[in-house]
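Visitor: There's a structure below that I have some questions on.
The values are calculated or read from the model by the stated rules, or taken from the named source; none is laboratory data. Since the structure is predicted, the reported quantities are computational estimates derived from the model, not experimental observations. Cβ coordinates were reconstructed from backbone atoms using ideal geometry, including for glycine residues, and neighbour counts include every protein chain displayed.
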Amino acid sequence: MESITEGLEPNATGIVIINYGLQVLIEGLDGIYCGNHYRCYKRANVPSLVAGDHVIWRNANPFGIVVARQTRSSKLARLDISGKTKSVAANVSQLFIVIACVPLPITNLIDRYIVAAEAEHISVTLIANKIDLDKHKNSVQLQAVINEYKRIGYPVIRSSVKTAIGINLIKNNLRNETSLFVGQSGVGKSSLLNLIEPTANSHTRPLSIANEKGAHTTTVSRLFRVSSGGNLIDSPGTHTFSLAHLDSRQLIEGFKDFHPFLGKCKFRDCLHDEQSGCAISEATKKNLVSARRFKNYHQIKDELKIK
């Protein structure tokens, strides 16, 4: 009987570029494999793989095999349609949330991304793209969103694919990091990626004129090596992002503007709602906490059925 290891070369390290389902595309990180891409199957005992995963693999003809997944420093995950936790990307050190005046930002979605990142100690930066559309009817609302998150302490980079504003600043932030692009469909993530790394050739599609909503052009997370430095993972655009894999502590800790008021409520078992004595609720009335963020917190909390 032929050995399962027959024809396999010695162990090597690699990073997952994209998961195709039955196969993964990896980039070799050492020796003669360094910088080259290889299609691989994975052994049945290897956990699921996503863009950014570091693996141990063995080369063979025509396909290599992944024999182990190395420990993740972080992961971003969501719930899939079957209710199972699904990782989006691994070993991410910073998250870029791309927004634009068209489509208008969904702040509930922004807050979900932030909560997921905070739970994994991943830094967050917002990219306000399409900034050249400063005369658009939504520009005032976009500026209000920008101001809100800047006040909390999240950096905001203004960018435009048409004028190249902000592109060099984004590139500088990408160096020595593994970054993930997330955002609604149609905000221009793929166009930004193509400008940041022209070899990406990421597919783009125009917005629907009828409703100014985008179509999904990226269908699965993929890692790109940025020639100016760093790794950039592009993820599918979305209008929803479930946090059902998180608990109540992770949820409220993801709203860092609430932190100064935690432990200051009248009752120790405060549900942080409109009840008398809630320090966070009182803070919203004094404009110390965003009322919109407080509403988003409760919408997510109700969805997770957290008491």
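Visitor: So in region 249-294, with the set limited to residues that are under 16 Å from residue 111 (Cβ atoms) and exposed (fewer than 13 other Cβ atoms within 10 Å of the Cβ), which one is farthest from the chain's Cα centre (by Cα)?
Guide: Residue satisfying both the conditions and the ranking: 291.
Visitor: Within region 69-87, does at least one residue satisfy the condition of being under 17 Å from the mean Cα position of the chain (by Cα), farther than 30 Å from residue 39 by Cα and of a type in the set (Ser, Thr, Tyr)?
Guide: no
Visitor: Being within 18 Å of residue 223 (Cα to Cα) and crowded, with 19+ Cβ neighbours inside 10 Å is the filter here, so list the residues in region 22-53 that pass it.
Guide: Of everything in region 22-53, those that are within 18 Å of residue 223 (Cα to Cα) and crowded, with 19+ Cβ neighbours inside 10 Å turn out to be 24, 26, 28, 33, 38, 40, 49, 50, 51, 52, 53.
Visitor: Has region 67-86 got at least one residue that is under 19 Å from residue 20 (Cβ atoms) and among the small types (Gly, Ala, Ser)?
Guide: Checked against the condition, which is being under 19 Å from residue 20 (Cβ atoms) and among the small types (Gly, Ala, Ser), region 67-86 yields no hits at all.
Visitor: Related question: Hey, could you check region 135-177 for residues that are over 23 Å from residue 242 (Cβ atoms) and among the hydroxyl-bearing types (Ser, Thr, Tyr) and say which is surrounded by the fewest Cβ atoms within 10 Å (Cβ to Cβ)?
Guide: The selected residue is 163.
Visitor: If you take the residues in region 1-21 that are surrounded by 10 or more Cβ atoms within 10 Å (Cβ to Cβ) and among the small types (Gly, Ala, Ser), which one is modelled with the lowest pLDDT?
Guide: 7
Visitor: How many residues are within 17 Å of residue 183 (Cβ to Cβ), surrounded by fewer than 20 Cβ atoms within 10 Å (Cβ to Cβ), in contact with a Pro (Cβ under 9 Å, 6 or more places away or on another chain) and modelled with pLDDT of 70 or more when one looks only at region 212-248?
Guide: Counting residues in region 212-248 that are within 17 Å of residue 183 (Cβ to Cβ), surrounded by fewer than 20 Cβ atoms within 10 Å (Cβ to Cβ), in contact with a Pro (Cβ under 9 Å, 6 or more places away or on another chain) and modelled with pLDDT of 70 or more gives 1.
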